[in-house]
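The values are calculated or read from the model by the stated rules, or taken from the named source; none is laboratory data. What you see is a predicted model; the values in this text were computed from it and never measured. Quick reminder, even Gly has a Cβ in these numbers, built from the backbone with ideal geometry, and neighbours come from all protein chains shown. All accessible areas refer to the heavy atoms of the entire protein, side chains included, with ligands and DNA or RNA removed. Shrake-Rupley method; radii C 1.70, N 1.55, O 1.52, S 1.80 Å.
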Number of protein chains: 2
Amino acid sequence: MAQRTIGFIGLGVMGAPMAGHIRASGERLLVYSRTKSKARLVLDAGAEWRDSPKRIAQECDVIFTMVGYPKDVEEIYFGSDGLIENARSGTILVDFTTSRPDLAVRIYESAKVRGLNAIDAPVSGGDIGAKNATLTIMVGGEEETFQKVKPLLEIVGRTVILQGGPGAGQHTKMANQIAVAGNLLGTVEALIYAKNAGLDPKHALLSIVNGAAQSWQLSNNAPRMLERNFDPGFYSKHFLKDLRIALDSAHAMHVELPMLTLSERLFAKMVNDGMGELGTQAIYLLYERGLA
Amino acid sequence: MAQRTIGFIGLGVMGAPMAGHIRASGERLLVYSRTKSKARLVLDAGAEWRDSPKRIAQECDVIFTMVGYPKDVEEIYFGSDGLIENARSGTILVDFTTSRPDLAVRIYESAKVRGLNAIDAPVSGGDIGAKNATLTIMVGGEEETFQKVKPLLEIVGRTVILQGGPGAGQHTKMANQIAVAGNLLGTVEALIYAKNAGLDPKHALLSIVNGAAQSWQLSNNAPRMLERNFDPGFYSKHFLKDLRIALDSAHAMHVELPMLTLSERLFAKMVNDGMGELGTQAIYLLYERGLA
């Protein structure tokens, strides 16, 4: 069998280092991104540029996508220049984007009709996880397809788990984001309470970080809030996107999740108030300024 | 100086092992509890029984209290048979109960008038922390008083921190409970979402327990929820008490904490629906049965 060709579409903060790891493993790699300058590092490492998703589709055996919003996913998969229409029979399409579970199902079904296989594979672990290839990858799709791409996924991720059929990866990521939302609200409200009660919040943290209140959010984002470091580890606007996908899915399932509903409302206000480019920990600013 | 005498009032799930550790350290210990049978172990270990808080007050140099609700604290401190009226000048009063910060301030001030010293010292770590003497103790009061009793506190706790003046221990505990509430809502909503989405929630946990969604609640209470083990590690009715204290304090400070408000509403419904004797993880049942 001739050497396979891998495609990678979307070379942002996450995609660029992920594509870099795949290229570094020795695979032939074709890349496309809306902004070509973002491809420089991976092109320097030996990847080849293609001018459109269509060109990627026509030449690759496995194609990864890592873009921003569900509408970007729709365009790349379903546009006239897109993967579903242009990929060769047998190609495996892997979407790393955190996106709508129902869109993942639609991609899978449309791919199937054209003799392609598709899996959804959203990740967690952020830009650091992408750089260090320690991402968690939550996969939905067919077992056989999963087994074929698993060695490639393990190049960029440390915890790679098939969670079920098409969409199951996205649903697992949504469960993850829901837990994050609760922990983040617990963190910010604990700090706002402590501050208003006249405590030294940093000192109060010493008493609460290691017990039943312990969380990644409390350990990592509480100090940033108190140091007024609101730089994006994870953009508020992207978190709002995720919360909306989760809430839409919950509505479709007729499940009431009031904490998620509250989180979506608060992050919508953050983004409306111009804080979408700040990190999720900037919810502390929203509480400081007042929620009304 | 003659050997000092320690008093301990309230020998429930938490108080009994804590008193046991103090007795085991060699201190002369007088105990009182509403239900005498709960004193058996510590009496067997050499503690002495007294028939009322008044008797304890009259004979002790340091008095610990660990009771249920703020009204119990009020009775023991301010009743005609209580500590404030009956303690000898110079006695130090230490309340381990999780109670109202404003009540802690009132105890401190009333104690002061009578030549006594009082500190609030609520704990976290649960019955296991009490048994293993690994509790976190959050202290509010005067530095000098704190230093005097710190060696005794370190007999029952591992992390013993003065957080500020009178009431600061209670406020810190409230911040702790607020963070717990957020993490618990994140945990239950993530699981309810996962289940309704058709995932295997236990399998989904494998993908989310170690990242940004990580929390003590997710690691410890999610498995209990899924195994339908609703035995109390921490009683829902006690958590509701704590949430109400926190919410009352927030209202008094004119701080809006919507996640805390939501948590109080959900736990109030749990207790109303007869689930007060179950553990906090039984909030999973509330979500299963519907929140309306």
Exercise for the section: Give the residues of the stretch A:193-207 that are of a type outside the set (Gly, Ala, Ser) and buried (at least 24 other Cβ atoms within 10 Å of the Cβ), sorted by residue number. Expected result: A:Tyr193, A:Leu199, A:Leu205
Exercise for the section: Determine whether A:Thr145 is out of contact with any Phe, Trp or Tyr (no Cβ under 6 Å at 6 or more places or on another chain), buried (at least 19 other Cβ atoms within 10 Å of the Cβ) and not assigned by TED's automatic domain parsing to the domain that holds A:Ala246. Expected result: yes
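Yes/no per residue for (1) in contact (Cβ under 8 Å) with a residue 24 or more places away in the chain; (2) hydroxyl-bearing (Ser, Thr, Tyr); (3) within 19 Å of A:Met14 (Cα to Cα):
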position	(1), (2), (3)
A:Glu59	yes, no, no
A:Gly68	yes, no, yes
A:Phe78	yes, no, no
A:Thr97	yes, yes, yes
A:Pro101	yes, no, no
A:Ala104	yes, no, no
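Residue under question is A:Ala213, and the condition is that it be buried (at least 17 other Cβ atoms within 10 Å of the Cβ), part of a loop (DSSP other than H, G, I, E, B) and facing chain B (nearest Cβ under 7 Å); does it hold?
Working: buried (at least 17 other Cβ atoms within 10 Å of the Cβ): yes; part of a loop (DSSP other than H, G, I, E, B): yes; facing chain B (nearest Cβ under 7 Å): yes.
The answer is yes for A:Ala213.
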Problem - Selection count where residues are out of contact with any Phe, Trp or Tyr (no Cβ under 6 Å at 6 or more places or on another chain), open to solvent by 10 Å² or more (accessible area, probe 1.4 Å) and not in a helix (DSSP H, G or I), scope the stretch A:148-192 - result: 7
Problem - Among (1) facing chain B (nearest Cβ under 8 Å); (2) under 16 Å from A:Leu191 (Cβ atoms) - the single one A:Arg228 does not satisfy - result: (1)
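For every residue, the table says whether it meets (1) β-branched (Val, Ile, Thr); (2) within 30 Å of A:Gln217 (Cβ to Cβ).
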site	(1), (2)
A:Leu93	no, no
A:Ile107	yes, no
A:Ser110	no, no
A:Val123	yes, yes
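For B:Ala204, state whether it is in the same structural domain as B:Ala268 (by TED's automatic domain parsing) and more than 22 Å from the chain's Cα centre (by Cα).
Taking the combined requirement at face value, the residue satisfies it.
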Handout entry: In the stretch A:255-292, the residues that are touching a Pro at 6+ places or on another chain (Cβ under 8 Å), open to solvent by 10 Å² or more (accessible area, probe 1.4 Å) and hydrophobic (A, V, I, L, M, F, W, C)
Key = A:Leu262, A:Leu278, A:Leu291
Practice task
Return yes when B:Ser219 is in contact with a strand residue (DSSP E or B) (Cβ under 7 Å, 6 or more places away or on another chain), of a type in the set (Gly, Ala, Ser) and at negative phi and no when it is not.
Solution key: no
Exercise for the section: Kindly indicate the residue of the stretch A:187-197 that is at the interface with chain B (Cβ under 7 Å from one of its Cβ atoms) and not β-branched (Val, Ile, Thr) and also farthest from B:Ala168 (Cα to Cα) among those meeting that condition. Expected result: A:Glu189
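One line per residue, one yes/no per condition, for (1) of a type in the set (A, V, I, L, M); (2) assigned by TED's automatic domain parsing to the domain that holds A:Lys150; (3) in contact with a Phe, Trp or Tyr (Cβ under 9 Å, 6 or more places away or on another chain):
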residue	(1), (2), (3)
A:Val73	yes, yes, no
A:Phe78	no, yes, no
A:Leu83	yes, yes, yes
A:Gly90	no, yes, no
A:Val94	yes, yes, yes
A:Thr98	no, yes, no
A:Pro101	no, yes, no
A:Tyr108	no, yes, no
Completion exercise
Those residues of the stretch A:175-186 which are facing another protein chain (nearest Cβ under 7 Å) and touching an Asp or Glu at 6+ places or on another chain (Cβ under 7 Å) amount to A:Ile178, A:Gly182
Completion exercise
How many residues of the stretch B:152-166 are farther than 15 Å from B:Asp120 by Cβ and within 10 Å of chain A (Cβ to nearest Cβ)? The answer is 2
Practice task
Find the residue count for the stretch A:134-148, including only residues that are β-branched (Val, Ile, Thr) and more than 14 Å from chain B (Cβ to nearest Cβ).
Solution key: 1
Exercise for the section: Quick one: in the stretch A:224-248, of everything that is open to solvent by 20 Å² or more (accessible area, probe 1.4 Å) and touching a residue at least 60 places away in the same chain (Cβ under 8 Å), which residue is farthest from the chain's Cα centre (by Cα)? Expected result: A:Asp248
Fill in the blank from the handout: A careful count of residues in the stretch B:108-123 that are open to solvent by less than 10 Å² (accessible area, probe 1.4 Å) and in a helix (DSSP H, G or I) gives 1
Completion exercise
Given (1) touching a residue at least 12 places away in the same chain (Cβ under 8 Å); (2) in a helix (DSSP H, G or I), B:Leu206 misses just (1)
Handout entry: Residue selected from the stretch B:124-140 under the condition open to solvent by less than 10 Å² (accessible area, probe 1.4 Å) and not β-branched (Val, Ile, Thr), by the criterion farthest from the chain's Cα centre (by Cα)
Key = B:Gly140
